[in-house]
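The values are calculated or read from the model by the stated rules, or taken from the named source; none is laboratory data. Keep in mind it's a predicted model, so treat the numbers as computed, not measured. Neighbour counts run over all protein chains shown; Cβ positions are idealised from the backbone, glycine included. SASA here: full protein model, heavy atoms, side chains in, ligands and nucleic acids out. Shrake-Rupley method; radii C 1.70, N 1.55, O 1.52, S 1.80 Å.
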Amino acid sequence: DRDDDMEGDEETPLFKKLDKIAKQIGLAGTGAAGFAFVISAIIGFAVHKEEWKMVLEYLIVAITVLAVAVPEGLPLAVTLSLAFSSRKMMNDNNMVKTLSACETMGCATTICTDKTGTLTANKMTARALFTTSSNFICTDPKVTLGDFILGSVNKPSDEAIKMIMNTISICTMNETSLTIQSEKVTSATGNPTEIALLTLVHCMKYDYRAIRNITKGRSDAGHIGEHLNQGKHINFSSARKMMSWAVPLENGGYRIYSKGAAEVILGRCSSQLLRDGGFELLTESSVKVLSSTIEQYAQRGMRCLGLAYRDLPTGADFEATSNTNTNSDGTDALEVETELVFLALVGIEDPLRPEVPEAISKCYQAGIDVRLVTGDSPNTAVSIAFQAGILKEHHFDGSSAEMIATNLKPNVLMEGVDFRTRVYKTDSDGQSEFDQEAFDKIWPHLRVLARSSPDDKLTLAHGLNQSVLFENGEVCKTLLEREKINIFPDRQVVAMTGDGTNDAPALKRADIGFAMGIAGTQIAKDAADIILIDDNFASIVTAAKWGRNVYASIQKFLQFQLTVNIAAVTIALVGATVYQKSPLAAIQLLWVNLLMDSLASLALASEPPQPELLTRPPVNRSQPMITRQMWANMFGQALYQIIITLLLLFLGPSWFGIEAGHIVEKKGINSVHYTIIFNCFVWMQLFNEINSRNLNGEFNIFKGLFKNWLFVGILVTTSILQVIMVELGGKAMHVADGGLEGKYWALSIGIGVGSLPVQQLINAMFRVVTKKLGWA
């Protein structure tokens, strides 16, 4: 059964790493607490001959060390970061259903995307025009075909343009109409193909309504309406694959305008329009050029229409049939729809969204592969994939090869039937089973899967996720050298888009499932992790940016929290060893460890994503969450804090002319000495919080600080609370009655500010060591 083994991992990469970190911290904290208790007991009972009731004091010290060692704010930081990101993503057209999907998207290595509505605008648009021997193909999605033609050096003559615009305006149904406001098409109703043609008329600076209203036999407006019954409308039919509209001429007779399938219209033409408005007979070479252009448009995934006209004599018989021309179904063609003058070919497609190429470029820059999975034909799929930037020139055979499906290298494009045949094998019981080895030979090359089914999406998501091709160094090296294919050094994290009910299994199997908010069915939305409100691929890239920001925010918090923990545990252990008591009281450490860290988690979780996040490769599953730079930052800052605190602990009384804290507190009085230590310690954390906003040794630690007023507000609030705690906390906060003198406040804040230049020193030293050791 093909559904067997198609279930994926439930736990996300981030939570796996956090579980590992939590276990390691728990073990380290337990060991430190045990050491504090044992050393306090040995020194207290064996050396100082303390009473046995002091065991309770030693136990409190040990529990304090354990409480300090465990980062209680970490779960809150994770939750806040995910919640904050999901709320912000909602503003960027991503409705997050599963919070963990925010973070998982930051680790995405592959995005498998639909075409219609996601990469394209889901709106048929004219993108190419061939007339009077000139071919105009607009490839820039930000430019309309009309603007492209009018801006071309060899644009058609005014006579030719007018004839084409008249043909489109007259030979379209009344039911198709555009709503135009401020010279822009704001909405449209009717046939999508005719909407595309009428929009082209508007972009060419013509008014289709005005053309109809001055054409007898076509409009019922004003005095022209008297001649409405003189017009002859020949409806479109699948048998004829064309439609026509004949209108009376001033000097008698009729002019019939026709549009339809390009090959049908071309077969009815005997001559073609010239630049000066005249016409000449169609020659064999002319027909060959037109046929080649039709094929060219088809290879680019365009629907090709032909436009033509003919002047008929007075008394023309609109019922007469031709003896030489037949319709598509073999019946005789109408005589009036033969011997036409060829005007133009129009290529129509569902165009790329203007923002998509830049979004896909950002994906590749961020190390995220993009694969197009669509039910469309190979020609259409390849055309859109190349315009979007999914396909590059090196995917085609030869640098001068035309960028069409037939010129692609092997396995870059596959059709669903071929894909299924190659990645499934029949076992001894006659059952079809997935062949991972065969899949691994295909997927590094695969960029476009055309004429695919929902089952193909499921297979693709499963195969990518389970592939361990990265473990085969020789194959990876060969792919990089020969094909410029860089295999991510870990298992793939797959994002999949879908809109149909049958896409639900693939959306659930992928690491992140994106359902379409506009075109998606309810079942697809229920199966997805994130709903794209605007059905736009660019919104997926936004999700990746916010996902990476979640990871970075948690790293920032870990960097801040573990610095506090390393310093506080070390100081508590030194205090336990020397005085059998920590210079930082339990309540003070609770303030530092719970309230401040909770506020810090909110502050650091609120950091907005930086553009640099999308210039780095995804973080792989096996890469440690704490980087070398982070270790350097944490140990560097912790060392500064420990040195300052120990200097204050052992030399402070003689420096400031005050009594040592361990002596004063034996009398049951809260000492100024230990209050100074507490205050200095907290201010070092506050200023290090600013340092912790940066993970990669950035020089300008204040960059973007004042764009995040929540961070600034929390920092100011925490500072004010610290002043209140020291000045008014008294016994409750285990600080000296009446607080501290101004000189000690200046000292505390000055020592806190010292964290900033210390960070620059750490960065400089780390760069030197990195260069010397050759670290990447």
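What the table shows:
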{"quantity": "Which numbered condition residue 722 misses (of (1) surrounded by 15 or more Cβ atoms within 10 Å (Cβ to Cβ); (2) touching a helix residue (DSSP H, G or I) at 6+ places or on another chain (Cβ under 8 Å); (3) free of Cβ contacts under 8 Å to residues at least 24 places away in the same chain)", "calculated": "(3)"}
{"quantity": "Contacts under 7 angstrom Cβ, first residue in the stretch 86-97 being farther than 16 Å from residue 548 by Cα, partner part of a helix (DSSP H, G or I) and open to solvent by less than 90 Å² (accessible area, probe 1.4 Å), 6 or more apart", "calculated": "93/539"}
{"quantity": "Answer residue from the stretch 23-49, given it is of a type in the set (Gly, Ala, Ser) and exposed (fewer than 15 other Cβ atoms within 10 Å of the Cβ) and is farthest from residue 565 (Cα to Cα) among those", "calculated": "46"}
{"quantity": "Tally, over the stretch 237-257, of residues that are out of contact with any helix residue (DSSP H, G or I) (no Cβ under 6 Å at 6 or more places or on another chain), closer than 18 Å to residue 173 by Cα and buried (at least 18 other Cβ atoms within 10 Å of the Cβ)", "calculated": "5"}
{"quantity": "Which numbered condition residue 328 misses (of (1) part of a strand (DSSP E or B); (2) closer than 17 Å to residue 243 by Cα; (3) open to solvent by 30 Å² or more (accessible area, probe 1.4 Å))", "calculated": "(1)"}
{"quantity": "Output for the stretch 15-51, where each listed residue is touching a helix residue (DSSP H, G or I) at 6+ places or on another chain (Cβ under 6 Å), in a helix (DSSP H, G or I) and modelled with pLDDT under 75", "calculated": "44"}
{"quantity": "Check on residue 726, part of a helix (DSSP H, G or I), among the hydrophobic types (A, V, I, L, M, F, W, C) and more than 35 Å from the chain's Cα centre (by Cα)", "calculated": "yes"}
{"quantity": "Residue check for residue 210: part of a helix (DSSP H, G or I), more than 18 Å from residue 149 (Cα to Cα) and either among the hydrophobic types (A, V, I, L, M, F, W, C) or in contact with a Phe, Trp or Tyr (Cβ under 7 Å, 6 or more places away or on another chain) (or both)", "calculated": "yes"}
{"quantity": "Residue satisfying all of: in the stretch 231-248; of a type in the set (S, T, N, Q) and assigned to a strand (DSSP E or B); modelled with the highest pLDDT among these", "calculated": "244"}
{"quantity": "Close pairs (9 angstrom Cβ cut-off, 6 or more residues apart or separate chains): at negative phi in the stretch 173-191, basic (Lys, Arg) anywhere", "calculated": "174/212; 177/209; 178/209; 188/123"}
{"quantity": "Within the stretch 675-711, tally of residues that are open to solvent by less than 60 Å² (accessible area, probe 1.4 Å), at pLDDT below 90 and in a helix (DSSP H, G or I)", "calculated": "2"}
{"quantity": "Of the criteria (1) surrounded by 22 or more Cβ atoms within 10 Å (Cβ to Cβ); (2) part of a loop (DSSP other than H, G, I, E, B), which one residue 514 fails", "calculated": "(2)"}
{"quantity": "Among (1) in contact (Cβ under 8 Å) with a residue 40 or more places away in the chain; (2) open to solvent by 30 Å² or more (accessible area, probe 1.4 Å), the one test that residue 647 misses", "calculated": "(1)"}
{"quantity": "Selection status of residue 666, more than 30 Å from residue 627 (Cβ to Cβ), modelled with pLDDT under 90, assigned to a helix (DSSP H, G or I) and open to solvent by 10 Å² or more (accessible area, probe 1.4 Å)", "calculated": "yes"}
{"quantity": "Where residue 185 falls short, out of the listed (1) open to solvent by less than 20 Å² (accessible area, probe 1.4 Å); (2) outside any loop (DSSP other than H, G, I, E, B)", "calculated": "(1)"}
{"quantity": "Odd one out for residue 320, checked against (1) of a type in the set (A, V, I, L, M); (2) surrounded by fewer than 16 Cβ atoms within 10 Å (Cβ to Cβ); (3) touching a residue at least 24 places away in the same chain (Cβ under 8 Å)", "calculated": "(3)"}
{"quantity": "Residues (open to solvent by less than 40 Å² (accessible area, probe 1.4 Å) and either without any contact (Cβ under 8 Å) to a residue 12 or more places away in the chain or of a type outside the set (A, V, I, L, M) (or both)) located in the stretch 383-392", "calculated": "383, 389"}
{"quantity": "Residue list for the stretch 350-374, filter: open to solvent by 10 Å² or more (accessible area, probe 1.4 Å) and of a type in the set (D, E, K, R)", "calculated": "350, 353, 355, 358, 362, 369"}
{"quantity": "Residue pairs meeting the criteria (Cβ under 6 Å; at least 6 apart or on separate chains; first without any contact (Cβ under 8 Å) to a residue 60 or more places away in the chain, in the stretch 483-496; second among the aromatic types (Phe, Trp, Tyr) and surrounded by fewer than 23 Cβ atoms within 10 Å (Cβ to Cβ))", "calculated": "487/470"}
{"quantity": "Filter pass, residue 568 being within 39 Å of the chain's Cα centre (by Cα), part of a helix (DSSP H, G or I) and not acidic (Asp, Glu)", "calculated": "no"}
{"quantity": "Filter result (at pLDDT 85 or above, crowded, with 17+ Cβ neighbours inside 10 Å and assigned to a helix (DSSP H, G or I)) within the stretch 604-641", "calculated": "613, 614, 629, 630, 632, 633, 634, 636, 637, 638, 640, 641"}
{"quantity": "Pick from the stretch 527-541, criterion among the aliphatic types (A, V, I, L, M) and part of a loop (DSSP other than H, G, I, E, B), ranking: nearest to residue 90 (Cα to Cα)", "calculated": "533"}
{"quantity": "Selected residue (criterion: nearest to residue 671 (Cα to Cα)) from residues of the stretch 729-746 that are at pLDDT below 90 and open to solvent by 60 Å² or more (accessible area, probe 1.4 Å)", "calculated": "737"}
{"quantity": "Complete set of residues in the stretch 62-116 that are crowded, with 19+ Cβ neighbours inside 10 Å, touching an Asp or Glu at 6+ places or on another chain (Cβ under 8 Å) and charged (D, E, K, R)", "calculated": "114, 115"}
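For (1) of a type in the set (A, V, I, L, M, F, W, C); (2) over 19 Å from residue 303 (Cβ atoms); (3) open to solvent by 60 Å² or more (accessible area, probe 1.4 Å); (4) part of a helix (DSSP H, G or I), each residue gets a yes or a no:
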position	(1), (2), (3), (4)
346	yes, no, no, no
376	no, no, no, no
381	yes, no, no, yes
394	no, yes, yes, yes
398	no, yes, no, no
